[in-house]
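Asker: Please see the structure below; I have some questions.
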Amino acid sequence: MAVDFPSMSARTAPAIPRTTVLDGGRLRRTRLRLDHGDHRLALSLRVLTARADNWLDQGPWTVVDKPKPAPGGDVHDYLSQAPYWWPSRPATADNPWGCPYVQRDGQRNPEVDTGTDRQDVEKVFDSTYDLALAWYYTGRKQYAEKASQVLRTWFLDPATRMNPNLDHGQFIPCKYDGRAIGVIDFSQSYTSVLDAIAVLDTGAPGWSRRDRAAMLDWNTGFRDWLTDSAFGKEEAAARNNHGTFYDMQLAALAYATGDRALARRTVLAARALRIDPQIAADGSQSQELARTRSWHYSTFDLVAYTRLAAIGRHVGVDLWKYQGPDGQSLFKAVDYLLPTATGAEPWDHPELEFHRFAASDVVHAAADAGDRAARAAVPRLEAPPGGDLWELRPAAEQLDSIAG
């Protein structure tokens, strides 16, 4: 099906979005290539617009429509359930949850997808990203108007907005009302929303100055919650992928809300705080290799690192060039995955649900940053389901995403 968008003569010159992870200048160049009839990009655009079309008759979503409010009773508080915790006993009238809950690492409890906000917030993240980019590349106002509606409903409208905290993320029935680990519910994907907002801010129909100002206030409140709350401080102290994603999210929010100094400090600190202890001299990530889904988590941690490196570009820090005291670096961490990412060698660590395509985006990111081995590997990568959209949204996503 042909992509329907205004003719080149009817379109104004595209503005450069002040994106946080995505490279706004690159987005503008891609738009111009599409306007000038780049057929290869047009094929990718058909995939993106198909995804955007699918969102047009869905949502909007809100935290206030879950069956029960979060502990504490405020329907505006976000709620999610720990994905790898399971009931140990049959549910009864006296024990409706089947408590106590026990952990099964890497095995997702289907309960977590009902009765909380986890599934809906992922739809908010994904839809606004797809819709905003589809509007930027095609000029179709219905994409921008839908993205604006989704954002206003989840974050801004008084009757339906989410409070800017994650006090009840990844609760465990009969055990915890919320946990610091729940911060990753947002940190693994929320930068997509920040970039979608930046794209809409270039003049999207349906997105007003009032919306922009209100979203800035929400993001500032969320940034402050991350830095000041007990859960935020605990997540900042994590030494595995949770710590990496925390830094990435904080740096992104700091940059998006105008605190460039905090963004720069966060990226700089990640060199000794994250890369040195997390990545070995050979590029392996020992804490992620110890998981039952070691391939997933090795690629997952690198999604955070590659986005953090992209944020660093905006504040004058080249995280890709950093080498630790033992020679550890982001390039080595990506190169460690290349034999498996290209299908040349099997993955010889534990993995409950292997998907080779999970590494594709981080390999693309390393290739774009100048890694020759990654660049040579790109033609041999496995495309994710639905196709490779890297050229339209060149920022790593967790392509086999799971919560946890």
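Asker: Of the conditions (1) over 17 Å from F331 (Cα atoms); (2) over 19 Å from the mean Cα position of the chain (by Cα); (3) not polar (S, T, N, Q), R393 satisfies every one except a single condition; which number is it?
Answerer: Failing condition for R393: (2).
Asker: Return yes or no: is V102 under 23 Å from Q149 (Cα atoms) and not polar (S, T, N, Q)? Lay out the reasoning, then the answer.
Answerer: Numbers: under 23 Å from Q149 (Cα atoms): no; not polar (S, T, N, Q): yes.
So V102 fails the test.
Asker: Something else about it: If you check every pair at least six apart or on different chains, which have Cβ atoms under 6 Å apart with a residue in the range 359-383 that is over 21 Å from D301 (Cβ atoms) first and a residue that is open to solvent by 60 Å² or more (accessible area, probe 1.4 Å) and aliphatic (A, V, I, L, M) second?
Answerer: Within 6 Å, no pair qualifies.
Asker: In the range 207-222, what residues are of a type outside the set (D, E), in a helix (DSSP H, G or I) and buried (at least 16 other Cβ atoms within 10 Å of the Cβ)?
Answerer: Restricting attention to the range 207-222, the residues satisfying the condition of being of a type outside the set (D, E) are 207-210, 212-216, 218-222.
Okay, now just the ones that are also in a helix (DSSP H, G or I), so 209-210, 212-216, 218-222.
Matches in the range 207-222: A214, M215, W218, N219, T220, F222.
Asker: Out of all the residues in the range 347-356, which are part of a loop (DSSP other than H, G, I, E, B) and open to solvent by less than 50 Å² (accessible area, probe 1.4 Å)? Spell out how you get there, then give the answer.
Answerer: Step one: list which residues in the range 347-356 are part of a loop (DSSP other than H, G, I, E, B), which gives 347-350, 352-355.
Scanning the range 347-356 gives a single hit, W347.
Asker: Specify which of the listed residues (R26, R33) is in a helix (DSSP H, G or I), closer than 12 Å to E391 by Cα and without any contact (Cβ under 8 Å) to a residue 40 or more places away in the chain.
Answerer: Values: R26 fails: without any contact (Cβ under 8 Å) to a residue 40 or more places away in the chain.
Step by step, each of R26, R33 is checked, and only R33 is in a helix (DSSP H, G or I), closer than 12 Å to E391 by Cα and without any contact (Cβ under 8 Å) to a residue 40 or more places away in the chain.
Asker: Another question about this same structure. Would you point out which residue out of G343, G283 is in contact with a Lys or Arg (Cβ under 6 Å, 6 or more places away or on another chain) and not hydrophobic (A, V, I, L, M, F, W, C)?
Answerer: Numbers: G343 fails: in contact with a Lys or Arg (Cβ under 6 Å, 6 or more places away or on another chain).
Being in contact with a Lys or Arg (Cβ under 6 Å, 6 or more places away or on another chain) and not hydrophobic (A, V, I, L, M, F, W, C) holds for just one of G343, G283, which is G283.
Asker: Right, D228: surrounded by fewer than 18 Cβ atoms within 10 Å (Cβ to Cβ), of a type outside the set (A, V, I, L, M) and either touching a residue at least 40 places away in the same chain (Cβ under 8 Å) or out of contact with any Pro (no Cβ under 7 Å at 6 or more places or on another chain) (or both) or not?
Answerer: Numbers: surrounded by fewer than 18 Cβ atoms within 10 Å (Cβ to Cβ): yes; of a type outside the set (A, V, I, L, M): yes; either touching a residue at least 40 places away in the same chain (Cβ under 8 Å) or out of contact with any Pro (no Cβ under 7 Å at 6 or more places or on another chain) (or both): yes.
It is true that D228 is surrounded by fewer than 18 Cβ atoms within 10 Å (Cβ to Cβ), of a type outside the set (A, V, I, L, M) and either touching a residue at least 40 places away in the same chain (Cβ under 8 Å) or out of contact with any Pro (no Cβ under 7 Å at 6 or more places or on another chain) (or both).
Asker: Looking only at the range 159-177, count how many residues are surrounded by fewer than 21 Cβ atoms within 10 Å (Cβ to Cβ) and at pLDDT below 95.
Answerer: 6
Asker: Something else about it: Filter the range 55-108 down to the residues that are surrounded by 19 or more Cβ atoms within 10 Å (Cβ to Cβ) and among the polar types (S, T, N, Q) and list them by number.
Answerer: T62, S80, Q81
Asker: Moving to a separate point now. Is it the case, given these coordinates, that D282 is of a type in the set (D, E) and either modelled with pLDDT under 95 or more than 26 Å from G25 (Cα to Cα) (or both)? Don't jump to the end; show me each part of the working.
Answerer: Details: of a type in the set (D, E): yes; either modelled with pLDDT under 95 or more than 26 Å from G25 (Cα to Cα) (or both): yes.
When the stated conditions are applied, D282 passes them.
Asker: Here is a follow-up. Say we look at the range 110-126 and pick out the residues that are at pLDDT 90 or above, of a type outside the set (D, E, K, R) and open to solvent by less than 10 Å² (accessible area, probe 1.4 Å); which of these is farthest from K146 (Cα to Cα)? Break it down stepwise before answering.
Answerer: We begin by selecting, within the range 110-126, every residue at pLDDT 90 or above; these are 116-126.
Those still in the list that are of a type outside the set (D, E, K, R) too: 116, 119, 121, 124-125.
Now restrict to residues that are open to solvent by less than 10 Å² (accessible area, probe 1.4 Å): 121, 124-125.
Working: V121: 16, V124: 11, F125: 13 Å.
Here the answer is V121.
Asker: Now for a separate question. Looking at A359, A344, A333, A304, which one is open to solvent by 10 Å² or more (accessible area, probe 1.4 Å) and either at pLDDT 95 or above or in contact with a strand residue (DSSP E or B) (Cβ under 8 Å, 6 or more places away or on another chain) (or both)? Spell out the reasoning first.
Answerer: On the way: A359 fails: open to solvent by 10 Å² or more (accessible area, probe 1.4 Å); A333 fails: open to solvent by 10 Å² or more (accessible area, probe 1.4 Å); A304 fails: open to solvent by 10 Å² or more (accessible area, probe 1.4 Å).
Matching residue, one of A359, A344, A333, A304: A344.
Asker: Keeping to the range 379-395, report how many residues are more than 22 Å from L34 (Cα to Cα) and either open to solvent by less than 40 Å² (accessible area, probe 1.4 Å) or in a loop (DSSP other than H, G, I, E, B) (or both).
Answerer: Of the residues in that region, 4 qualify.
Asker: Only one of these is of a type in the set (G, A, S), open to solvent by less than 50 Å² (accessible area, probe 1.4 Å) and touching a strand residue (DSSP E or B) at 6+ places or on another chain (Cβ under 8 Å): S298, S294. Name it. It would help to see each step written out before you state the result.
Answerer: Values: S298 fails: touching a strand residue (DSSP E or B) at 6+ places or on another chain (Cβ under 8 Å).
The unique qualifying residue is S294.
Asker: Taking V199 as meeting all but one of (1) surrounded by fewer than 21 Cβ atoms within 10 Å (Cβ to Cβ); (2) in contact (Cβ under 8 Å) with a residue 12 or more places away in the chain; (3) of a type in the set (A, V, I, L, M, F, W, C); (4) part of a helix (DSSP H, G or I), write down the number of the exception.
Answerer: Result: V199 fails condition (1) only.
Asker: Cβ-Cβ distance below 9 Å, separation of 6 or more or different chains: which pairs start in the range 54-71 with a residue that is closer than 21 Å to P158 by Cβ and end on one that is among the basic types (K, R) and part of a loop (DSSP other than H, G, I, E, B)?
Answerer: T62/R161; V63/R161; V64/R161
Asker: All but one of (1) touching a Phe, Trp or Tyr at 6+ places or on another chain (Cβ under 9 Å); (2) within 28 Å of R108 (Cα to Cα); (3) part of a helix (DSSP H, G or I) hold for F331, so report the exception by its number.
Answerer: (2)
Asker: For the range 27-48, state whether one or more residues are in contact with a helix residue (DSSP H, G or I) (Cβ under 7 Å, 6 or more places away or on another chain), within 16 Å of T114 (Cβ to Cβ), open to solvent by less than 40 Å² (accessible area, probe 1.4 Å) and of a type in the set (A, V, I, L, M, F, W, C).
Answerer: No, that holds for no residue.
Asker: Can you find even one residue in the range 323-330 that is of a type outside the set (K, R), free of Cβ contacts under 8 Å to residues at least 24 places away in the same chain and more than 17 Å from Y297 (Cα to Cα)? I'd like the intermediate steps shown before the answer.
Answerer: First pass over the range 323-330, keeping only residues of a type outside the set (K, R): 323-330.
If we keep only those that are free of Cβ contacts under 8 Å to residues at least 24 places away in the same chain too, we end up with 323.
Next cut, more than 17 Å from Y297 (Cα to Cα) only: 323.
The answer is yes; a qualifying residue exists.
Asker: Inspect all residues belonging to the range 132-151 and state whether any of them is basic (K, R), closer than 21 Å to H76 by Cα and not in a helix (DSSP H, G or I). Give the derivation first.
Answerer: Of the residues in the range 132-151, the ones basic (K, R) are 140-141, 146.
Filter once more, so that each one left must be closer than 21 Å to H76 by Cα: none.
For the range 132-151, residues basic (K, R), closer than 21 Å to H76 by Cα and not in a helix (DSSP H, G or I): absent.
The values are calculated or read from the model by the stated rules, or taken from the named source; none is laboratory data. Bear in mind that the values here come from a model prediction, so they are computed numbers and not experimental data. Neighbour counts run over all protein chains shown; Cβ positions are idealised from the backbone, glycine included. Protein only, heavy atoms only, side chains kept; ligands, DNA and RNA dropped before computing areas. Shrake-Rupley method; radii C 1.70, N 1.55, O 1.52, S 1.80 Å.
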